[in-house]
Amino acid sequence: MALRLAYLLLWCGMISSRASGAEQPAAVTRPAGVDEKLWNLMVEIDARGAGIKDLSADFTQEKHTPLLKKPLVSAGHILIKGSTSLWTTAQPEPTVMRIDNKEIRLLYPKQKVMEIYRTDERMGSLAASPFPRLGVLKEHFTFERIPARGIIEGAEEGKFLALRMKPAQEELRKHIDEVTVVLEIATGFVQRAQTIDTDGDRVVLTFSNLRINTGLKDKDLEMEVPAGVSVTRPLEGGGRADETGQGKRK
């Protein structure tokens, strides 16, 4: 579960690399292995939409695993403002996930359980915001341009940029084999993202109905925790008996 959350952190960051308001150096050095034309396009896309303050979208996730003939499909809605994102999954089972620069909270309303994960310090520059800039991604991944139509059927190459990203660091290579993304060049928004992990599982996220600068407030990204919810910290030796939901927004 924790690894899936890390993947979502990454994907969420690539929906739009601007809305956090975080600054990055004006010039990012072109990495070895990336031709100048591609890099200039990537820098142009990264710089586009600097005025975006918040974003909302619908998403569909498909998880493909060798153990199952059909993918597991879920769908929901995402809200993003600053360094915080709120993923609300409606189907097939309701879940709510809130990510900020300190922790990930995953709520299962039917089971009345909430899991809390600290942001992995080893992925600090990626996880510090759901909108890592190109300069940050460059530190963690290599880039290769691939045909967009190979990921989205009928995609026009002049309108979309498709990238294959390989982990550049050993720690990420333990979990992720590759990430592919298709961005709309005009807006810089990710239309589809796919992660293949080292076990061969493949997770595909597709985004639609993207809306920007709708005036989201901080309270819109708070998590409603029903009364009686038990809280666990799976990576910290389990839960604490005194951590229970009291029907508050957290």
Expected vector for the stretch 188-203, Karplus 3J(HN,Hα) from phi with 6.51, -1.76, 1.60 and θ = phi - 60°, integer Hz, x for Gly and Pro, equals x, 7, 6, 8, 8, 9, 9, 10, 10, 8, 6, 8, x, 6, 10, 10
Rounded to whole Hz, the Karplus (6.51, -1.76, 1.60) HN-Hα couplings of the stretch 225-236, x for glycine and proline: 9, x, 4, x, 6, 8, 10, 10, 10, x, 8, 10
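Strictly over 28 Å apart at the Cα level, which of Lys110/Lys166; Lys102/Lys174; Lys37/Lys217; Lys112/Lys219; Lys53/Lys174; Lys53/Lys159 would you flag in this model? Intermediate results must be reported in sequence, preceding the final value.
Values: Lys110/Lys166 37 Å; Lys102/Lys174 23 Å; Lys37/Lys217 39 Å; Lys112/Lys219 22 Å; Lys53/Lys174 34 Å; Lys53/Lys159 24 Å.
Pairs exceeding 28 Å: Lys110/Lys166; Lys37/Lys217; Lys53/Lys174.
Throughout, read-outs are computed from the coordinates displayed, never taken from laboratory work. These figures come from a predicted structure and were not determined experimentally.
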